[in-house]
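Worksheet: the structure to be examined is printed underneath.
The values are calculated or read from the model by the stated rules, or taken from the named source; none is laboratory data. These numbers were taken from a predicted model, which means no experiment stands behind them. Here the Cβ positions follow ideal geometry from the backbone for every residue, glycine too, while neighbour counts run over all protein chains shown.
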Amino acid sequence: MVTMTRTPPARTGTRRRAERSRLASAGLHLTLAAAAVIAVFPPLWLLVTSFKPRNDAFSTGLVTHFTFANYTHVVADTEFLAWFKNSVLIVGVTTVLGVFLAATTGYAVSRFRFPGMRPLMWLLLITQMFPVAVLIVPLYNLLAGLGLLNQPAGLVITYLTIAVPFCAWMMKGFFDTIPVEIDEAGRVDGLNPFGTFWRLVLPLARPGLAVTGFYTFVTAWAEVAYASAFMTGEENLTLAGGLQTFVNQYTNDWGSMTAAAVIIAVPAALVFAFAQRHLVAGLTAGTTKG
């Protein structure tokens, strides 16, 4: 007599779920790998092209004739060092002022209630809704009237109008997570509001300050439209504006542009490496309320 056996339905369902889970995991890993390749390919190709001779800039192969000629040309034969000095000055002042203004504004709207507070917050938000192209003409007229065209101070003020409103909103969300009892303890000890902010609250806001500083730095370091519109003359350009002199309607020097782009990326990478341990904490804390 032959006995027929059947696989229990539950075990079959478990096997099918396991197979689907493996397929889903494989699909997820393939998707992540493809996304990583897409993200890494442009900067990697930029780096590879910077070491190629000018005639090989559009070749699809890797470096066959390794050369530093593009870097030597950028540093020695152009105004790159002047662009670098201008960028460091403008970005440094913008970052310091931007962090200070965003922190004080965020603390004020987080801790105090005053007439016009809500319209102020809406105004800070609305300023982020306008595209750069719409603001170039009115800002140009304002800077021209103030005599700040082709001046680092004019570009600093322009960058602050971009960075401070967003960073103030972010710092408000971060200060909301710091207990108000700390402010009360400071007042009991005889500190005025600014002393409480500076001595007690600000040290606790270090992750938020790191995010604010990094965002302000990147905003000023990589901005092109305002730098090109408000600064003229090669010796007055910033790094972002200077890049356009290598490839435009009159010249086409891709090797020099890629070499300059690689050099420009190094300071941004160093700033990110310095601030990265605070970035996640600052971004997540700024999205919650205490």
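The figures follow:
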| quantity | calculated |
| --- | --- |
| Selected residue [surrounded by fewer than 16 Cβ atoms within 10 Å (Cβ to Cβ) and assigned to a loop (DSSP other than H, G, I, E, B)] from T245, T232 | T232 |
| Criterion: surrounded by fewer than 17 Cβ atoms within 10 Å (Cβ to Cβ), modelled with pLDDT under 90 and in a helix (DSSP H, G or I) - qualifying residue of L123, L89 | L123 |
| F84 vs. criteria assigned to a helix (DSSP H, G or I), of a type in the set (F, W, Y) and free of Cβ contacts under 8 Å to residues at least 40 places away in the same chain | no |
| Single residue of L202, L149 found to be assigned to a helix (DSSP H, G or I), at negative phi and touching a residue at least 60 places away in the same chain (Cβ under 8 Å) | L202 |
| Only one of Y159, Y107 that is in contact with an Asp or Glu (Cβ under 7 Å, 6 or more places away or on another chain) and either of a type outside the set (D, E, K, R) or at pLDDT 90 or above (or both) | Y159 |
| Test result for F58, touching a residue at least 40 places away in the same chain (Cβ under 8 Å) and outside any helix (DSSP H, G or I) | yes |
| Subset of segment 136-158 that is out of contact with any helix residue (DSSP H, G or I) (no Cβ under 7 Å at 6 or more places or on another chain) and hydrophobic (A, V, I, L, M, F, W, C) - its residue that is surrounded by the most Cβ atoms within 10 Å (Cβ to Cβ) | I157 |
